[in-house]
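Here's the structure we're looking at; comments come further down.
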Amino acid sequence: MDPITDIFRTMHVNAFGLHRLEATAPWGVRQENQNEEEVALSNKEMKPTDQAHFAMLSRGNCWLSVEGIAEPIPLTGGDCFLLAPGTSIVIRDNPRTRPKWTFHEIGAGANGHVAQCGGGGAPTTIVCGSLSFDRAGLKPIAQLLPRFILIKADQAQTLALHSTMQALASEMAEQAPGSGVVATRLAEVLFIQVLRAYIASEPERNPGWLRAVFDPQLGQALGAIHDRLDTAWTVESLAEEAGMSRSAFAARFKQLLGQSPLEYVTVWRMQKAMQLLEQRDRKLIDVARSVGYESDAAFSKAFKRVVGANTGEYVKRGDQNRRQI
């Protein structure tokens, strides 16, 4: 199993808050982090707290300011960017314009999927939305996303990405029957295509997990983990897969991924277990064995330690969240 495909299949991307922003100069919109109270409430209800945000400039020009990046970034038609959870930005017609709105306010005031703001000057059109990731307690998306990804319109290997962007903009403009469902699916595809374009274009800047996947040695070990998760992995057996000594493998793994090899195995086992638990016809012992545990007691103990809830609580709260949708 390709580790990247495995993560895509497991993390369940959900698109929401899709809208087309019609802005006229002067205008400015900001996206801020969730406050601590909102995050605590989301965690208590076991709802996703990891929310990434994306936008595509389909007409006009504007400036993007990203937290942690000193200079504003000029954007032109066809440019697209993706923000990891917890990243603050300001997007506006001019770097000197003060932002008067938030993306939340813009989305809440949208007429259908179209929102408007600004002072009546030069027009700019931006297609934007948010993405949430199920089972946020483990945050697998943090392994894939840098804080900020910018895909320029003239960047190589982005033809499919731009086609998806155009289709998404069209669905949001026409409001044909079923356009909401189609737009959501296109946004999910867009997310994967942005990541693929980023991986292909900036391999030297990939975060540690992606660098590890493409590392000739560590990549072999990660591929083995994702392909044979039920194996009784040890540091020695994983080092053998990588063709490295035990000490060199453990040190390199920790350096790139920020956790030990066996910590990674355990976390990913719980990630897959959460997916399996949603299949209500699966017995607990079958789920346990599928992710490498011989007894449901040992599995349940590890699940509670990593996820923060026992298996029954997790399934019950998941059912409650689905009924609220």
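Please count how many residues of region 261-281 are exposed (fewer than 14 other Cβ atoms within 10 Å of the Cβ) and of a type outside the set (K, R). Walk me through it before giving the result.
Going residue by residue through region 261-281, those that are exposed (fewer than 14 other Cβ atoms within 10 Å of the Cβ) are 279-281.
Of the ones still in play, those that are also of a type outside the set (K, R) are 279, 281.
Residues in region 261-281 being exposed (fewer than 14 other Cβ atoms within 10 Å of the Cβ) and of a type outside the set (K, R): 2 in total.
Quick one: in region 82-127, of everything that is in contact (Cβ under 8 Å) with a residue 12 or more places away in the chain and among the polar types (S, T, N, Q), which residue is surrounded by the most Cβ atoms within 10 Å (Cβ to Cβ)? Among those residues, the one meeting the criterion is T124. The residue pairs whose first member lies in region 164-178 and is in contact (Cβ under 8 Å) with a residue 24 or more places away in the chain and assigned to a helix (DSSP H, G or I), whose second member is buried (at least 16 other Cβ atoms within 10 Å of the Cβ) and among the hydroxyl-bearing types (S, T, Y), and whose beta carbons are closer than 6 Å, counting only pairs six or more residues apart or on different chains, are A169/S58. Using the structure shown, decide if L284 is among the aliphatic types (A, V, I, L, M), within 24 Å of the chain's Cα centre (by Cα) and buried (at least 17 other Cβ atoms within 10 Å of the Cβ). No; evaluated as a whole, the condition is false for this residue. One residue stands out among those in region 19-35 that are modelled with pLDDT of 80 or more and closer than 15 Å to L131 by Cβ: the one that is nearest to the chain's Cα centre (by Cα), which is Q31. With respect to the numbered conditions (1) touching a Lys or Arg at 6+ places or on another chain (Cβ under 6 Å); (2) at pLDDT 85 or above; (3) not charged (D, E, K, R), which one is the sole condition not fulfilled by C128? The number of the failed condition is (1).
The values are calculated or read from the model by the stated rules, or taken from the named source; none is laboratory data. The shown structure was predicted, so the numbers you read here are calculated from the model rather than taken from an experiment. Virtual Cβ from ideal backbone geometry, glycine too; neighbours counted across all protein chains shown.
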